[in-house]
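Participant: One structure coming up, written as structure tokens, with questions to follow.
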Amino acid sequence: AQKVTQAQTEISVVEKEDVTLDCVYETRDTTYYLFWYKQPPSGELVFLIRRNSFDEQNEISGRYSWNFQKSTSSFNFTITASQVVDSAVYFCALSPSNAGGTSYGKLTFGQGTILTVHP
Amino acid sequence: NAGVTQTPKFRILKIGQSMTLQCTQDMNHNYMYWYRQDPGMGLKLIYYSVGAGITDKGEVPNGYNVSRSTTEDFPLRLELAAPSQTSVYFCASTGQPPFSYGYTFGSGTRLTVV
């Protein structure tokens, strides 16, 4: 079985602050993908990033950065200089990539972190 | 526009009624999924399909049925609606590995059972 835990239920920051959303996962699969999705107040799910378990390089995309540490089973997400438009629910998710496994292709979500950025 | 289309967007059902949530994708994706999202919670997998004619249960399948007769369509059937099925339902699809672009989600169906 696989499990994704997002320790922070809610985070509240003031605009321009940096904020880190934590994600810890459990899986028995040796290869897998990790994802982050954003769910703004409008309700749709927006894909942010996919990370292969083989690739532990950190990634930066504009104000967003991701820190993947396989040794601690963590895939944390940092927003630098937060903006009001970043207010949303953020989900971390896990999908096995081992074609022989029974969970192949099944995306498991964490419970989400509600981020509120105040002006 | 390419993507995942869900209908209806909103629906109110009475206890015991039945309905089908429609999901269509035009990206020729083999993998399709149904998730439900309860208030303040993450998404839980109901059913999924790895191709036409192949479906399997997810984490919370009770009270639901699915079919996959074509690559494009993956309808979700509620036979006897119960208040516990009040939720937002998302359909998703993805192509073959390595799922380079992640999973594409529909805009959701907000269902209320009263």
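Participant: Please compute, over every Cα-Cα pair in chain A, the percentage with a separation greater than 25 angstrom.
Facilitator: Here the long-distance tail beyond 25 Å is 20 percent of all Cα pairs in chain A.
Participant: Quick one: what are the phi-derived ³J(HN,Hα) couplings along region B:2-11, Karplus 6.51/-1.76/1.60 with θ = phi - 60°, whole Hz, x for glycine and proline?
Facilitator: The phi angles translate into 5, x, 10, 10, 10, 9, x, 7, 9, 7 Hz.
Participant: Could you point to the residue in A:116, A:2, A:90 farthest towards the positive end of chain A's charge dipole, with +1 and -1 charges on the Cβ of Lys/Arg and Asp/Glu respectively?
Facilitator: A:2
Participant: Sticking with this structure for a sec: Take the Cα coordinates of the protein assembly as shown, assign each an equal point scatterer, and use the Debye formula without solvent to give log10 I(q)/I(0) at q = 0.08, 0.14 Å⁻¹.
Facilitator: -0.29, -0.90
Participant: Of the chymotrypsin sites (Phe, Trp or Tyr not before Pro) in region A:36-68, which ones lie in a loop per DSSP and count no more than 12 other C-beta atoms within 10 Å? Mind dumping the intermediate values first?
Facilitator: Working: sites: A:36, A:37, A:47, A:54, A:64, A:66, A:68; in loops: A:54.
Of the chymotrypsin sites (Phe, Trp or Tyr not before Pro), the ones in loops of region A:36-68 whose Cβ has at most 12 other Cβ atoms within 10 Å are A:54.
Participant: Can you compute the modelled spin-label distance between residue A:16 and residue B:67, with each label point 7 Å from Cα toward Cβ, in nm?
Facilitator: Here the answer is 6.0 nm between the modelled labels.
Participant: Also, I was wondering about something else. In whole percent, what relative contact order does region B:45-86 give with Cα contacts below 8 Å and a gap of six or more residues?
Facilitator: Over region B:45-86, the number comes to 31 percent.
Participant: Using Cα pairs under 8 angstrom and six or more residues apart, how large is the relative contact order of chain A, in percent?
Facilitator: Details: 291 pairs, mean separation 44.2, N = 119.
Averaging sequence separation for qualifying contacts and normalising by length gives 37 percent for chain A.
Participant: Also: Write down Rg/Rh for chain B, rounded to two decimals, with Rg from the C-alpha atoms and Rh from the Kirkwood relation over Cα pairs.
Facilitator: That ratio equals 0.95.
Participant: Taking the Cα centre of chain B as the origin, how large is its charge dipole in debye, to the nearest 20, when only Lys and Arg (+1) and Asp and Glu (-1) carry charge on their Cβ atoms?
Facilitator: 320
Participant: Please identify the trypsin sites (Lys or Arg not before Pro) of region A:24-119 that satisfy two criteria: DSSP loop assignment and at most 16 other Cβ atoms within 10 Å. Which are they? Present the calculation step by step, with values, prior to reporting the outcome.
Facilitator: Working: sites: A:28, A:38, A:50, A:51, A:63, A:70, A:106; in loops: A:28, A:63, A:106.
In loop regions of region A:24-119 (DSSP not H, G, I, E or B), the sparsely surrounded trypsin sites (Lys or Arg not before Pro) are A:28, A:63.
Participant: A further question on this structure: Within a Cβ distance under 12 Å of residue A:16, other residues only, what is the Lys/Arg minus Asp/Glu net charge? Display every interim value, and only then the final one.
Facilitator: Values: positive: A:63; negative: A:15, A:17, A:18, A:86.
My count for the surroundings of residue A:16 gives -3.
Participant: Report the charge-dipole magnitude of the protein assembly as shown in Debye, nearest 20, computed about the Cα centre from +1 at each Lys and Arg Cβ and -1 at each Asp and Glu Cβ.
Facilitator: That gives the protein assembly as shown a dipole magnitude of about 560 debye.
Participant: Okay, moving on. For region B:49-114, state what percent of all Cα-Cα pairs lands in each successive 10 Å bin, counting from 0 Å until the bin that includes the largest distance.
Facilitator: Spelled out per bin, shortest first, that is 18, 47, 30, 5, 0.
Participant: What is the distance in Å between the Cα centres of region B:1-72 and region A:11-80?
Facilitator: 26
Participant: Using DSSP loop states and a limit of at most 16 other Cβ atoms within 10 Å to flag GluC sites (Glu not before Pro), what is the longest stretch of chain A containing no flagged site?
Facilitator: A:57-119
Participant: Which pairs break 32 Å Cα to Cα here: A:3/B:14; B:14/B:57; A:106/B:9; B:14/B:44? List each step's numbers first, then the result.
Facilitator: Values: A:3/B:14 34 Å; B:14/B:57 25 Å; A:106/B:9 24 Å; B:14/B:44 23 Å.
The answer is A:3/B:14.
Participant: Within region A:79-94, which residues have the backbone N less than 16 Å from the label spot 7 Å out from residue A:8 along Cα→beta-carbon, could you tell me?
Facilitator: Residues A:79-93 fall inside that zone.
Participant: Output ³J(HN,Hα) for region B:104-113: one whole-Hz value per residue in order, computed from phi by the Karplus curve 6.51 cos²θ - 1.76 cosθ + 1.60 with θ = phi - 60°, and x for Gly and Pro.
Facilitator: Values, residue by residue: 9, 9, x, 7, x, 10, 8, 10, 10, 10 Hz.
Where a number appears in this text, it was derived from the coordinates with a stated rule and is not lab data. No experiment lies behind these values; they were computed from the predicted model shown. In this analysis, Cβ positions are derived from the backbone assuming ideal geometry, glycine residues included, and neighbour counts consider all displayed protein chains.
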